[in-house]
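The values are calculated or read from the model by the stated rules, or taken from the named source; none is laboratory data. None of these values were measured; they are calculated from a predicted model. Because the Cβ atoms are built from the backbone with ideal geometry, glycine has one as well, and the counts that use them run over all protein chains shown. Accessible surface areas use protein heavy atoms only, side chains included; no ligands, DNA or RNA. Shrake-Rupley method; radii C 1.70, N 1.55, O 1.52, S 1.80 Å.
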Amino acid sequence: LAQDVSDGGSEAGRTRTSTRWLWLLHDDSAPEPTTLAALLRAVEHSPSVGVAGPKQRTWGEPVRLLEAGVTTSRFGRRMTGVDEGEVDQGQLDGRDDVLGVGTAGMLVRADVWEQLGGTDPALGPYLDGLDLSRRARLAGHRVVVVPNAVVRHARASFAGLRDGDGEPDHRSSFGARRQALLHTQLAWVPLPLVPVVVVLALASGVLRALWRVITKEPVLAVADVTAPLWVLARPGRIAAARRNARRTRALPRRSLR
């Protein structure tokens, strides 16, 4: 769900601006009543901000912290800096500029969304927010997290709750998450390194699958082998993602460091 909101300012007598924002909400997320107002306050006096995201907490009780902005490892793996089951005690409330934010509750300026062409459809529900945020940064826009804006997120896709049996099992989404990671790696590495990533993806898939067999996780073993094959069988998606990122890039890649 995308809601169109206007940033007209909160002070009496202020001239309304024509800035339009899109508020992205997942069907398995629920913002706190003050979340939108907090997001708008954060971007009101910062015209350089193109994307703002809330802090995410778990859906059920007891409430746990999920993320307050994200970054990546050197190999593109998404990292939140939050341990599993970590209690939110404001330990990450000092964050502001970040590499990326999730799409659950993301506020993105409408012209930035149009400039970037929205999220990459090849990613599905995984890494789409990080990819969009990274492209926004390279296009010259700031990406910020607003810790006093809070969204509860059930992460239904990650937990496998959309399968219909009602039993959470994050292993059911492993294949799709692995595909998203490999797609982003191939879409973002410098062109000369693409063959290297392809070889490493295939080789690591086999090695990871062997380890899964040893640890008696055959479902994950199958996903480790098929994920790179699935991604490489659709080179048009990778080429389209690379073209789109190149089209909007205004800053060098090293600016993300």
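Suppose the Debye formula is applied to equal point scatterers at every Cα of the stretch 79-157; what is log10 I(q)/I(0) at q = 0.17, 0.23, 0.25 Å⁻¹?
-0.75, -1.27, -1.41
Over 10 Å intervals from 0, what percent of Cα-Cα pairs in the stretch 51-101 sits in each interval?
24, 53, 21, 1
Tally the DSSP beta bridges in the chain and give the antiparallel ones as a percent, rounded to 5. Numbers along the way, then the final one.
Numbers: 19 of 28 bridges.
Restricted to the chain, the bridges split so that about 70 percent are antiparallel.
Jot down the radius of gyration and Dmax of the chain, Cα atoms only, both in angstrom.
For the chain, the Cα radius of gyration and maximum Cα-Cα distance read 19.1, 69 Å.
What ranking, highest mean first, results for peptides 219-228, 77-86 when packing means the other Cβ atoms within 10 Å averaged over each residue?
Descending packing order for the listed peptides: 219-228, 77-86.
If I fit a long axis through the Cα atoms of helix 194-214 and take the longest principal axis of the Cα atoms of the chain, what angle between them do I get, 0 to 90°, rounded to 10?
With both axes taken from Cα atoms, the answer is about 70 degrees.
Counting only other residues whose beta carbon sits under 10 Å from that of residue 154, what net charge do I get with K and R as +1, D and E as -1?
Spelling it out: positives minus negatives among the neighbours equals 0.
Could you work out the percent of alpha carbon pairs in the stretch 169-226 separated by over 15 Å, rounded to a whole number?
Everything past 15 Å amounts to 51 percent.
Can you bin every Cα-Cα distance in the stretch 139-253 into 10 Å intervals starting at zero and give me the percent of pairs per bin, rounded to whole numbers?
Going out from 0 Å in 10 Å bins, the stretch 139-253 shows 12, 30, 30, 23, 4 percent.
Per DSSP helix of 4 or more residues, -39500 (n - 2.57); summed, then divided by the residues of the chain. What does that give at 222 nm, rounded to the nearest 500?
On the way: 8 runs with 97 residues, N = 257.
Result for the chain: -11500 deg cm²/dmol, rounded to the nearest 500.
Any idea of the accessible area per residue across the chain, 1.4 Å probe, to the nearest Å²?
Heavy-atom accessible area per residue stands at 53 Å².
Which listed residue (129, 172, 206) has the Cα farthest towards the positive end of the charge dipole for the chain, taking +1 on Lys and Arg C-beta and -1 on Asp and Glu C-beta about the Cα centre?
The residue sitting most towards the positive pole is 206.
Would you mind telling me which residue in 41, 155, 74 has the biggest mean-square fluctuation in a Gaussian network model of the chain, where springs connect alpha carbons within a distance under 10 angstrom?
74
How many percent of the alpha carbon pairs in the stretch 142-192 exceed a separation of 14 Å?
Roughly 68 percent, once rounded to a whole number.
Taking Cα pairs under 8 Å and at least six residues apart, what relative contact order does the stretch 22-154 come out at, in percent?
Worked out over the stretch 22-154, it gives 42 percent.
Cα centroids of the stretch 110-177 and the stretch 38-85: how far apart, whole angstrom?
Their Cα centres are 11 Å away from one another.
Can you give the relative contact order of the stretch 99-248 as a percent, counting alpha carbon pairs under 8 Å and 6+ residues apart?
24
Remind me, relative contact order of the stretch 29-98 in percent, using alpha carbon pairs under 8 angstrom and six or more residues apart?
21
Taking the 0 to 90 degree range and rounding to the nearest ten, how far is the long axis of helix 128-138 tilted relative to the main principal axis of the chain, both from C-alpha atoms?
60
Can you give the Kirkwood hydrodynamic radius of the stretch 194-257 from its Cα pairs, in Å with one decimal?
13.8
Which of rounded, prolate or oblate describes the stretch 45-183 when judged by the alpha-carbon gyration tensor and an a/c cut-off of 1.5?
oblate
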